[in-house]
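The values are calculated or read from the model by the stated rules, or taken from the named source; none is laboratory data. Keep in mind the model is a prediction, meaning the values are calculated, not measured. Heads up, the Cβs are rebuilt from the backbone with ideal geometry, glycines too, and the neighbour counts pull from every protein chain shown. To get the accessible areas, we keep the full protein, side chains included, count just its heavy atoms, and leave off ligands, DNA and RNA. Shrake-Rupley method; radii C 1.70, N 1.55, O 1.52, S 1.80 Å.
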Amino acid sequence: MTTSADHDHAVAGGRAGAAVAPRTHVATDVALVATFAAFIAVCALLPAIHVAAMAVPITLQTFGVMLAGVVLGARRGVLAVLLYLAVGLAGLPVFAEGTGGLAVVGKPSFGYLLAFPVAAAIAGALVSLGRRVRAGRLPLVVFGAAMAGSLLATHPLGIAVMGWRLDMTPAQAIATGATFLPGDVVKNVLVAVVASAVFRAFPDMLYRRR
């Protein structure tokens with residue numbers, strides 16, 4: 001026979017469980033955001049490739065940014081990128097070639113940094129919309145989402161600021177920025193491969209995005 005005391009205990013236990021779950025989700029989100037922010041920093045600090053007459057080096061930053069958006073989803077992906085940018089602008093040397101601080105605002109590459117949160121949001125949102133596709137098509141969806149982020153945000157903003165800072169004509173800026181496109185295609189293929197492997201190992205990362 002269930003007593004009123006047993007009932008009260010059960011209700012209290014249910015409330016405690018409901019309170020613990022949100023806290024657990026928040027802790028997980030914070031850990032994931034911090035981890036991906038650190039991963040983007042590592043990608044930025046790997047040796048950069050310098051192309052003759054290019055003021056902006058080629059790095060793996062965009063790989064880290066797109067992977068964060070795709071794997072974490074739009075909201076958490078943007079938070080990871082914003083955390084990375086905040087740490088770098090605060091002075092820690094986490095940007096390309098070990099730079100950091102507000103001095104990067106005046107560089108030709110600053111437009112690419114500005115574009116990163118938008119690119120992560122686009123990629124994450126598109127993957128979330130296409131997450132019900134067949135498993136075999138998921139890498140294509142991820143690749144398409146990452147390319148959309150690159151083409152709709154990273155390249156337009158990056159090229160615009162680079163052309164402005166270097167006093168280029170629109171044609172010159174577009175031609176210079178196009179140099180990055182083949183590398184972005186390769187990096188986004190890697191994003192699709194890595195993210196698909198993550199989603200196979202941890203399906204909740206795809207189907208329960210917050």
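Of the residues making up the stretch 92-101, just one is assigned to a helix (DSSP H, G or I) and buried (at least 22 other Cβ atoms within 10 Å of the Cβ), namely Ala96. Take the residues of the stretch 123-138 that are touching a residue at least 40 places away in the same chain (Cβ under 8 Å) and within 21 Å of Val185 (Cβ to Cβ): which is surrounded by the most Cβ atoms within 10 Å (Cβ to Cβ)? Filtering the stretch 123-138 for residues that are touching a residue at least 40 places away in the same chain (Cβ under 8 Å) and within 21 Å of Val185 (Cβ to Cβ), the one surrounded by the most Cβ atoms within 10 Å (Cβ to Cβ) comes out as Ala123.
Residue-wise test of (1) on the phi < 0 side of the Ramachandran plot; (2) in contact with a strand residue (DSSP E or B) (Cβ under 6 Å, 6 or more places away or on another chain); (3) not aromatic (Phe, Trp, Tyr).
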site	(1), (2), (3)
Gly88	yes, yes, yes
Gly91	no, no, yes
Ala103	yes, no, yes
Phe110	yes, no, no
Ala121	yes, no, yes
Gly124	yes, no, yes
Arg131	yes, no, yes
Leu138	yes, no, yes
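When we screen Ala160, Ala173, Ala86, Ala90 for residues that are closer than 22 Å to Lys187 by Cβ, at pLDDT 95 or above and of a type outside the set (Asp, Glu), the only hit is Ala160. Contact map, the stretch 181-210: residues that are touching a residue at least 24 places away in the same chain (Cβ under 8 Å) paired with residues that are in a helix (DSSP H, G or I) and of a type in the set (Phe, Trp, Tyr), Cβ distance under 7 Å, separation 6+ or inter-chain. Pairs shown: Lys187/Phe63; Asn188/Phe143; Val189/Phe143; Leu190/Phe63; Val191/Phe63; Ala192/Phe143; Met205/Phe199; Leu206/Phe199. In the condition set (1) over 28 Å from His25 (Cβ atoms); (2) open to solvent by less than 30 Å² (accessible area, probe 1.4 Å); (3) modelled with pLDDT of 95 or more, Val104 is compliant with all but (3). Of all the listed residues (Ala146, Ala120), the sole one being free of Cβ contacts under 8 Å to residues at least 60 places away in the same chain, open to solvent by less than 60 Å² (accessible area, probe 1.4 Å) and closer than 22 Å to Leu83 by Cα is Ala120.
Identify, please: which residue in the stretch 53-91 is assigned to a loop (DSSP other than H, G, I, E, B) and among the aliphatic types (A, V, I, L, M) and is, among those, nearest to Pro139 (Cα to Cα)? Among those that are assigned to a loop (DSSP other than H, G, I, E, B) and among the aliphatic types (A, V, I, L, M), it is Leu60. Scanning the stretch 149-162 for residues being under 14 Å from Leu114 (Cβ atoms) and either open to solvent by less than 10 Å² (accessible area, probe 1.4 Å) or among the small types (Gly, Ala, Ser) (or both) gives a total of 6.
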